[in-house]
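Scroll down for the structure; my scribbles are underneath it.
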Amino acid sequence: MKRILIIARRTWKTAFSSKATLILTLILGLALCLATFIGWQNFKTQNSQRLKYKELVREKWLAKPDKHPHRMAHYGYLAFRDKHELSFFDFGIESFAGVSIFLEAHKQNTVNFSEAGFSNGMLRFGEMSVAMVLQLLVPLLIFFLGYSSISAERETGTLKILLCQGLSWRQLLTGKTLGIIAVSFSLFIPVILLTILLWAVLSNWQISIDASLRLSLLILSYAVYFIICAGIAVLVSAFHQSSKSALTTLVVCWVFFAIVMPRMTQALGVILYPSPSKIEFNAAIAADLRKQGDSHDPDDPHYAQLKATLLKKYKVDDVKKLPFNYGGYVMAEGEKISAGIYNRHQRELNKTFEQQNRFTVAASYLNPFLAIKNLSMALTAADFKTYVDFQDQAEAYRYGLAQRMNKLQIEKISNNAPGEKEAPRSISRRNWEEQPDFQYTFRPVSNVISNHTGSIFSLFCWFSGVLILLNFSSGRIKTL
């Protein structure tokens, strides 16, 4: 162990004795500070906007005068997607997924007002987040530090001397890897300390166990990712005769795994599991609704049958004689049917998206960058599953609001139409207070882990594979 630590210390000193390494480390440090500031500002700006308009929506809802409840159901509600306090670390799909959704009776709208929709095309080239710097640029620094770790010793002739002095390949490879990890952690640890501080401030110092677990797993995941990158750099250097060829191999690997392969897997996922366009999706729902019936059409066969059944059950010959508001009953039935059809189509669409994403998760067994990317987005609640969960919770709220208004109409609106000189039927505005405000609830970290076992296991496989190669690959490495 002593020899391993001596080599690690020597690697650390050698790295920081190089001006190029110092400049690169300084540039990366500045990039991380800038990314942290951008994330902090992004969170504060967007979160304050969402809270402001969320309060305004609630005030407008409660300020509505006495009305017919069905008019209130069509007036609708605007639901906002909350930002998790860790989302300043990794933006994920936040800027492309939309932040709010308009909820109204009989209709399911899509999430709107994404940052990408209000920005120029530069957003397509990626946002500068802490996660982006740690996932893409820190591995590049590690590869730069490690490309000559063994090959340079071979080129200068010191490798043979080291091995002749009784140093084993396992000790040499492990020591070099530990030295490079120490250099990369000199960047990582300050970032983590700053992240913990900002996370606590953004949480108003009300730290939850769930968020603490998310942050702990995030730190552990990135630490494992850097160890994997350091191990790969040392192994590539050990298997190449010259530093130049080792550097070329590492740069090609970085370009392929960090830039080319993620795009390829996304494109292949879409080709293998094609999803319908928005027009096709809406047309399919409209076609199913037409087959089932239109609650606004009094001659529709389904609702004509419903009317006949009610008249027979209550032994009356006119819906005006029913002990409840017939219009509200029909609206409730229509809402139940349309929501069921929409949810079925939405589940099928989400299943297609999940199949596309599963292809990317499977590819993470070949690419650790994809594994850390998926895991980072999930732990900061900026991934696709969080977006789908928001959609589901918003739809459940919309359905509850529409049915609450239908229930008020059934119970409190007369069956008889008002006279020509009478005011339209309405109920007291105090009823609007019974509708709670929409509040998105993040899924617990246990749910995140169970949904991303593939990414976690692939990262573990890469970690184990690198450790095994560092310990047992000496027989295949040439000394000269």
### Query
Counting just the residues of segment 349-370 that are out of contact with any Phe, Trp or Tyr (no Cβ under 7 Å at 6 or more places or on another chain) and among the aliphatic types (A, V, I, L, M), which one comes out most open to solvent (accessible area, probe 1.4 Å)?
Leu366
### Task
Tell me, yes or no, whether segment 383-403 has at least one residue that is aliphatic (A, V, I, L, M) and either part of a loop (DSSP other than H, G, I, E, B) or without any contact (Cβ under 8 Å) to a residue 24 or more places away in the chain (or both).
yes
### Task
Collect the residues in segment 414-435 that are open to solvent by less than 70 Å² (accessible area, probe 1.4 Å) and under 27 Å from Leu78 (Cα atoms), keeping them in residue-number order.
Ser426, Ile427, Ser428, Asn431, Trp432, Gln435
### Task
Any chance you could count how many residues in segment 402-461 are under 27 Å from Phe384 (Cα atoms) and of a type in the set (S, T, N, Q)?
9
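Can you confirm whether Leu56 is under 22 Å from Arg429 (Cβ atoms) and assigned to a helix (DSSP H, G or I)? Before you say what the answer is, go through the steps one by one.
Details: under 22 Å from Arg429 (Cβ atoms): yes; assigned to a helix (DSSP H, G or I): yes.
For Leu56, the condition - under 22 Å from Arg429 (Cβ atoms) and assigned to a helix (DSSP H, G or I) - is met.
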### Message
Just to be sure I understand the filter: pairs with C-beta atoms under 9 Å, separated by 6 or more residues or on different chains, first member in segment 275-290 and closer than 12 Å to Glu348 by Cβ and open to solvent by less than 40 Å² (accessible area, probe 1.4 Å), second member not in a helix (DSSP H, G or I) and not basic (Lys, Arg). Which pairs pass?
### Response
Phe281/Ser275; Ala284/Pro276; Ile285/Gln108
### Query
List the pairs whose first member sits in segment 420-431 and is touching a residue at least 40 places away in the same chain (Cβ under 8 Å) and of a type in the set (A, V, I, L, M), whose second member is outside any loop (DSSP other than H, G, I, E, B) and open to solvent by 70 Å² or more (accessible area, probe 1.4 Å), and whose Cβ atoms are under 8 Å apart, counting only residues at least 6 apart or on separate chains?
Ile427/Lys412
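What's the total number of residues in segment 345-376 that are among the aromatic types (Phe, Trp, Tyr) and either in a loop (DSSP other than H, G, I, E, B) or more than 20 Å from Phe91 (Cα to Cα) (or both)? First the steps, then the outcome.
Narrowing segment 345-376 to residues among the aromatic types (Phe, Trp, Tyr): 353, 359, 365, 369.
Subset that is either in a loop (DSSP other than H, G, I, E, B) or more than 20 Å from Phe91 (Cα to Cα) (or both): 359, 365.
Looking only at that region, the number is 2.
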#### Entry: Condition check for Arg3: open to solvent by 90 Å² or more (accessible area, probe 1.4 Å), over 19 Å from Pro190 (Cα atoms), touching a Gly at 6+ places or on another chain (Cβ under 8 Å) and not β-branched (Val, Ile, Thr)
yes
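Yes/no per residue for (1) free of Cβ contacts under 8 Å to residues at least 12 places away in the same chain; (2) within 26 Å of Ser338 (Cβ to Cβ):
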{"site": "Leu247", "(1), (2)": "no, no"}
{"site": "Val255", "(1), (2)": "yes, no"}
{"site": "Ile259", "(1), (2)": "yes, no"}
{"site": "Leu268", "(1), (2)": "no, no"}
{"site": "Ile271", "(1), (2)": "yes, no"}
{"site": "Gln292", "(1), (2)": "no, yes"}
{"site": "Asp299", "(1), (2)": "yes, yes"}
{"site": "Thr309", "(1), (2)": "yes, yes"}
### Query
Among Leu178, Leu145, Leu213, Leu173, which is the only one that is under 29 Å from Lys2 (Cβ atoms), modelled with pLDDT of 85 or more, open to solvent by 60 Å² or more (accessible area, probe 1.4 Å) and part of a helix (DSSP H, G or I)?
Leu178
### Task
State all residues of segment 436-458 that are over 18 Å from the mean Cα position of the chain (by Cα) and either surrounded by fewer than 12 Cβ atoms within 10 Å (Cβ to Cβ) or of a type outside the set (Asp, Glu) (or both); if no residue qualifies, say none.
Pro436, Phe438, Gln439, Phe457, Ser458
## Note on the structure
Across (1) part of a helix (DSSP H, G or I); (2) buried (at least 21 other Cβ atoms within 10 Å of the Cβ), Ile101 clears everything bar (1)
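The values are calculated or read from the model by the stated rules, or taken from the named source; none is laboratory data. Source: prediction; values computed, not measured. Glycine also receives a Cβ, built like all others from the backbone with ideal geometry; neighbour counts cover every protein chain displayed. Just the protein is used for accessible areas: all its heavy atoms, side chains included, with ligands, DNA and RNA removed. Shrake-Rupley method; radii C 1.70, N 1.55, O 1.52, S 1.80 Å.
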